[in-house]
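J.: Handing you this structure, nothing more for now.
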Amino acid sequence: METATFRGRRGIAFVRALGGRAARWRLVVDKPPLEACLVAGAEEHRLPADWIAALRNVPTRDETPEAAAFRPLLDSLMRKP
């Protein structure tokens, strides 16, 4: 993610980013602006070009009404206390 996303919307001040792996998990990006943030963050953290290309190829779709209704709850859970 972009630095501004963590600091602004989420209120998280981080020192460094480390790569991680979630075996058998699938990345689902249901909101095109989120994908743009994800790609920009990958570029900002200088991930390999082939990884960034793979992120750009992840199919996306418009946010559903159910997802939009759930987002405030998710945002409140992600916010730093």
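The values are calculated or read from the model by the stated rules, or taken from the named source; none is laboratory data. Everything numeric in this text was worked out from a predicted model, so none of it was measured. Backbone-built Cβ (ideal geometry, glycine too); neighbour counts: all protein chains shown.
J.: With respect to the numbered conditions (1) exposed (fewer than 10 other Cβ atoms within 10 Å of the Cβ); (2) at pLDDT below 85; (3) of a type in the set (Lys, Arg), which one is the sole condition not fulfilled by ARG79?
T.: With respect to (1) exposed (fewer than 10 other Cβ atoms within 10 Å of the Cβ); (2) at pLDDT below 85; (3) of a type in the set (Lys, Arg), ARG79 is out only on (1).
J.: Given (1) modelled with pLDDT under 90; (2) hydrophobic (A, V, I, L, M, F, W, C); (3) part of a loop (DSSP other than H, G, I, E, B), where does LEU38 come up short, assuming only one miss?
T.: Just one mismatch for LEU38, condition (3).
J.: Anything in segment 48-81 that is in contact (Cβ under 8 Å) with a residue 12 or more places away in the chain and more than 14 Å from the chain's Cα centre (by Cα)? List them, or say none.
T.: Those that are in contact (Cβ under 8 Å) with a residue 12 or more places away in the chain and more than 14 Å from the chain's Cα centre (by Cα): ARG61, ASP62, GLU63, THR64, ALA67, ARG79, LYS80.
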